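Just so it is clear, none of the values below were taken in a lab; they were calculated from the coordinates. Computed from a predicted model, the values in this text were never measured in an experiment. Cβ: placed from backbone, ideal geometry, glycine included. Neighbour counts: every protein chain shown.
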Amino acid sequence: MRTTRLKTLLVAMCIGGSASFAGAQSIDPIVEVGKQRTVAAKASQAKIDRLADETASLLSDYKTVMKQVDGLKVYNARLERQIANQERRIRDIDNSIAEAAVIQRQIPPLVTRMLDGLEQFINLDMPFDLDTRLGNIEAVRANMDRSDVTSAEAFRQVLELYSIELQYGRGIEAYTDTIDLNGAEREVDILRIGRVALVYQSTDGAETGAWNKDTQGWEELSAGDYAAAVRKGVRIAKKQATIELLNMPVSAPEAN
């Protein structure tokens, strides 16, 4: 009877051990799968984290690029305005060059007319410093034919001559010159007071005269009326005497 119970117990133990062994074998694959899933989950999370980092980096780069693009848009807009302004300036300069070319072509004829007019004026004016005044005109005319003298420079020289002629109307001077008196050449002292009076006096003081605008010739004056005044005027012009009022012959326009 006891033997039977032992057998039964052994059989039960064998069956139990077999069941435990079988259970252990069935759990291992599940555990392995769990481990694999954990590893896969970690790998997936790592991939997700990496993708998130890459996305964040790309987003940051994108924002940086967009800021640069916005800055470039502003810069390009300003550059376009500058280019437009420069193009307008270039057009203005081109127009100015074209106008300057026209003016450049017009200057020589203008200078010629101005010189001719000035020469005519001098020939009709009181005959003082004629050699110098007419010589200046010829010098400018000669300069116009020189390649190293620009039209602008020639024009400047003409304006300077006009300025000198204008100054003659305000100045006073005395100098020695040779003039024609009744067909004879005489050396005399000339006194010019602006363009109001041009008088002469012989070097010995015996003869005094004045330029007559109407007759365009020299005219002897009464020595008693003007001799002393002319003599004093010559000394004043040479800064040998103080300035004072002088009685001078003046050609006045005829009354209507």
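The table below gives the values:
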read-out: Rounded to whole Å, sorted largest first: equivalent-ellipsoid semi-axes of segment 145-256, Cα gyration tensor; value: 31, 17, 16
read-out: Cα Rg over Rh - segment 172-237, Kirkwood; value: 0.92
read-out: By average C-beta atoms within 10 angstrom, highest first, the peptides 104-112, 178-186; value: 104-112, 178-186
read-out: Degrees between helix 2-124 axis and first principal axis of the chain (Cα, 0 to 90, nearest 10); value: 10 degrees
read-out: Values of log10 I(q)/I(0), in the order q = 0.13, 0.17 Å⁻¹, for the chain under a Debye, Cα-only, solvent-free model; value: -1.00, -1.26
read-out: Residue among I236, I193, I27 with the largest mean-square fluctuation in a Gaussian network model of the chain, springs linking Cα atoms under 10 Å; value: I27
read-out: At 1.306 mPa s and 10 °C, Stokes D of segment 106-167 from Kirkwood alpha-carbon radius, µm² per second; value: 135 µm²/s
read-out: Acute angle (nearest 10 degrees) that the helix 151-168 long axis makes with the longest principal axis of the chain, alpha-carbon atoms; value: 40 degrees
read-out: Relative packing of peptides 154-161, 135-142, 51-58 - highest average C-beta neighbours within 10 Å first; value: 154-161, 135-142, 51-58
read-out: Total formal charge among the other residues, if their Cβ is under 9 angstrom from that of I122, Lys/Arg +1 and Asp/Glu -1; value: -2
read-out: Cut-off 12 Å between beta-carbons: net charge of the residues surrounding E153, Lys and Arg +1, Asp and Glu -1; value: 0
read-out: Between segment 51-73 and segment 92-116, the alpha-carbon center distance in angstrom; value: 61 Å
